[in-house]
1. For the subset of region B:159-170 comprising residues that are of a type in the set (A, V, I, L, M, F, W, C) and open to solvent by 50 Å² or more (accessible area, probe 1.4 Å), which member is nearest to B:Leu88 (Cα to Cα)?
2. Suppose the filter is of a type in the set (A, V, I, L, M), within 14 Å of chain B (Cβ to nearest Cβ) and touching a His at 6+ places or on another chain (Cβ under 9 Å); does A:Ala175 pass it?
3. Of A:Arg188, A:Arg90, which residue is modelled with pLDDT of 90 or more and either of a type outside the set (S, T, N, Q) or touching a strand residue (DSSP E or B) at 6+ places or on another chain (Cβ under 8 Å) (or both)?
4. Looking at A:Leu99, A:Leu42 in this structure, which one is more than 14 Å from every other protein chain (Cβ to nearest Cβ) and under 29 Å from A:Ala205 (Cβ atoms)?
5. Return the total of residues in region A:149-170 being more than 8 Å from chain B (Cβ to nearest Cβ), surrounded by 17 or more Cβ atoms within 10 Å (Cβ to Cβ) and part of a loop (DSSP other than H, G, I, E, B).
6. List the pairs whose first member sits in region B:151-174 and is within 12 Å of another protein chain (Cβ to nearest Cβ) and over 17 Å from B:Gly194 (Cα atoms), whose second member is among the aromatic types (Phe, Trp, Tyr) and surrounded by 20 or more Cβ atoms within 10 Å (Cβ to Cβ), and whose Cβ atoms are under 9 Å apart, counting only residues at least 6 apart or on separate chains?
7. Assuming B:Trp254 fulfils every condition listed in (1) in a loop (DSSP other than H, G, I, E, B); (2) in contact (Cβ under 8 Å) with a residue 24 or more places away in the chain apart from one, which condition is it?
Amino acid sequence: MASASQGNSATAAETARQTRMSERTPATTPTEVSVRFEISNLDFYYGAKQAVFGLNLKIPKNKITSLIGPSGCGKSTFLRTLNRMNETIRNTRVRGQILLDGQDILEMDVVALRRRVGMVFQRPNPFPKSIYDNVAYGLRINGYRGRLPDLVEHSLKRAALWDEVKNSLHKSAFALSGGQQQRLCIARALAVDPEVLLLDEPCSALDPVTTAKIEELMFHLKDSCTLAIVTHNMQQAARASDFTAFMLDGKLIEHNETSKLFTTPQDPRTEAYITGRFG
Amino acid sequence: MSHVRLIWRKSLNAVMLTLTGVAAFGVVSILFLILGYFIYNGGHSLNWDFFTQLPKPVGELGGGMANAIVGSLKLLLLAALIGLPTGLLAGVYLAEFGGKALGFLIRYTTDLLNGVPSIVIGIFAYALAVEPVKHFSTLAGGLALGIMVVPITLRSTEEFLRAVSGSLREGAMALGASKWRTIATVVLPAASGGIITGMLLSLARVAGETAPLLFTALGNRFWSPGWSQPTAALPLMIYEYAISAYDDWHRQAWAAGLVLLALVLLANLGCRFVLNRRGTIRSV
C-alpha cells in the first residue's frame, strides 16, 4: 500500500515535471515570461554554517535579474550555486532543487552545465595569454571544430570590444585597461554561447564610464541570453535590470519587477535597504 | 625628557640602519670577493686548450678539462631528466591536490630530503646504481644529482603555483575546464616563469656538488666511454687538482672553479631573463 502510493507520487511528480517542461516550450502567453532557472527550497552550507536558507526563485528567460542585498547576505553564494562553482570550495553542501530549462543541474555533467551557464567575476580575470587566446580558450577546451577566428571576432563584437582590440588580438590581455579586461572576460564567456550569463559584481572594480558601457552591453545581450547579476550598487540594479531580488541573511526577502520593487516594496526590510537605512 | 628620548630614538635608528647596511654590504662583497679571487687566480689559465684538451699526464704542462666540462653537462642532463619532471609533478600534486595530512607529510619529507647531506645522497645512489652492477657510472652520478634536484624543484613549483590567483582557476573552470585542464592550460603557464627559475636554480645548485659524485661518477682522466662508465666532472676535477702537489694543476683548478662559477651565474642571469619576459606573451 505504502509502496504503491510512493510509486504514484513519483509518477505524479514526473508528470508535473513534464507538464512544466512543456509549458516552458516557446508557446507562452505574452503576459507570462518563460522561466530559465527555477530554484526551489535551496539551502547552502559552508561546512556547518548555513549561508542560504530555503530560497525559492524563478529567473525569467531573456531578462536581466539582479540580486541585491548587504555584504554577506549570500547573494554571491547563491549565484555561484547556479553553475556549481561552489563545488570548487571544500566542505560545501547544497540541498534543494535547481532546474535549468526543467533539468536538474545537480544531476547534470558539470562541464556541460558550465558551458550553458557562463560566469563573469568581480575582478577581471583574463588568463595570462593573448586577447585572441583568451576568447578562444573556452572553444578550444570544448573541442570546438569550426573556424576559431570567426567566432573570436563574433564574441568580441558581442562584448563591444572588437573595435578596440581588432589590431592587437595577439597582444597580452594584461595590456588592456580594467574595463576592457572585463569586457574581454565577457567575450570569453560568450564565446561558448551560453544560455545564461552570471555576473558577480562585474562593475565593482570599474569606473562609472566603463560601468555604463558594461550595462549597455548587458542590455544588448538580453536578446540572446538570460542574465543574472549580483550588485552592491542599487542604482545599477534599478537602471539595468528587469527583475530584482532582495536578499538578507541568506534568505530571499522579496522578488519583483525592478520598477515595482524600487517604488513599492512589499517588505519593510526591503524598503529600509533601498532607502539606505542599512547595508 | 622628550628631547632625550628623541635623541635616543634617532641614534637607535642610526645604529640599526648601519648594522643592516653593513650586513647587506658584507653579503654583496663576499660574492664579488669570490668572483674576483677566482678571476685573479684562474683567469690566466683559461684558454682555448682548457675547453678543448684532455688532461695531460702528470709532469706535462698544459692540457685542459674538456672531458670534465662535457661530463658535467652529461650529469646535469641526467639530473634534469630524473629530477625536474618528478619535482614538477609532485609540486603540482602538492599545490593542487594534496590534502592536509598528506600535504604535510610530503612537504615535511621534502624539506628533510633537502636537508640530507649530499654525501649521504651519494651513498644512496652508490647502493642503488653502483653496488648492483659493480662499477661506477655516469648514470649513478646523474641519479645522485637528480635526487638532489627533486626537493628544490618541488618546493619552488609548489610556491609559484600557490601564488597564482584563485580567480584564474575559477575563470577557467567557469568555462567548463576540468581541474586538470585548468592546471595544464592556465595555472602552469601563469606560473611558468617562476617554475623555470626554480628549475634552473636547482640545476645550478647541483652543478657544483662534489660529494655525491665521489663514489658514483668517480671521475675520469679521459673521455667517458659511455653512460654506464665513470666520467669526469668539473667539481671532481677541482677537488683532485686542488689537493695535488703541482702548480700547474692548481692553476687549472682555479680555472675550473671559475668556469663552474660562471655557469652558475649564467643560470641565474638566465632566470632573470626568463622572469623579465613574463610580461610579454607570444601569440598563438
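1. We begin by selecting, within region B:159-170, every residue of a type in the set (A, V, I, L, M, F, W, C); these are B:160-161, B:163-164, B:168.
Restricting the remaining residues to those that are open to solvent by 50 Å² or more (accessible area, probe 1.4 Å) gives B:160, B:163.
Details: B:Phe160: 11, B:Ala163: 15 Å.
Here the answer is B:Phe160.
2. Details: of a type in the set (A, V, I, L, M): yes; within 14 Å of chain B (Cβ to nearest Cβ): yes; touching a His at 6+ places or on another chain (Cβ under 9 Å): no.
So A:Ala175 does not fit the description; no.
3. Among A:Arg188, A:Arg90, only A:Arg188 is modelled with pLDDT of 90 or more and either of a type outside the set (S, T, N, Q) or touching a strand residue (DSSP E or B) at 6+ places or on another chain (Cβ under 8 Å) (or both).
4. Values: A:Leu99 fails: under 29 Å from A:Ala205 (Cβ atoms).
When all the criteria are applied, what remains is A:Leu42.
5. 3
6. Qualifying pairs under 9 Å: B:Ser167/A:Phe121; B:Glu170/A:Phe121; B:Gly171/A:Phe121; B:Gly171/A:Phe127; B:Gly171/A:Tyr137; B:Ala172/A:Phe127; B:Ala172/A:Tyr137; B:Ala174/A:Phe121.
7. Condition (1) is where B:Trp254 drops out.
So that you can scan it fast, the table gives a plain yes or no per residue for (1) at pLDDT 90 or above; (2) closer than 20 Å to B:Leu143 by Cα:
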{"site": "B:Ala211", "(1), (2)": "yes, yes"}
{"site": "B:Arg221", "(1), (2)": "no, no"}
{"site": "B:Leu236", "(1), (2)": "yes, yes"}
{"site": "B:Val259", "(1), (2)": "yes, no"}
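The values are calculated or read from the model by the stated rules, or taken from the named source; none is laboratory data. Just so you know, these numbers come straight off a predicted model, no measurement behind them. We place every Cβ from the backbone using ideal geometry, glycine too, and count neighbours over all the protein chains shown. Areas reflect the complete protein model, heavy atoms only, side chains present, ligands, DNA and RNA absent. Shrake-Rupley method; radii C 1.70, N 1.55, O 1.52, S 1.80 Å.
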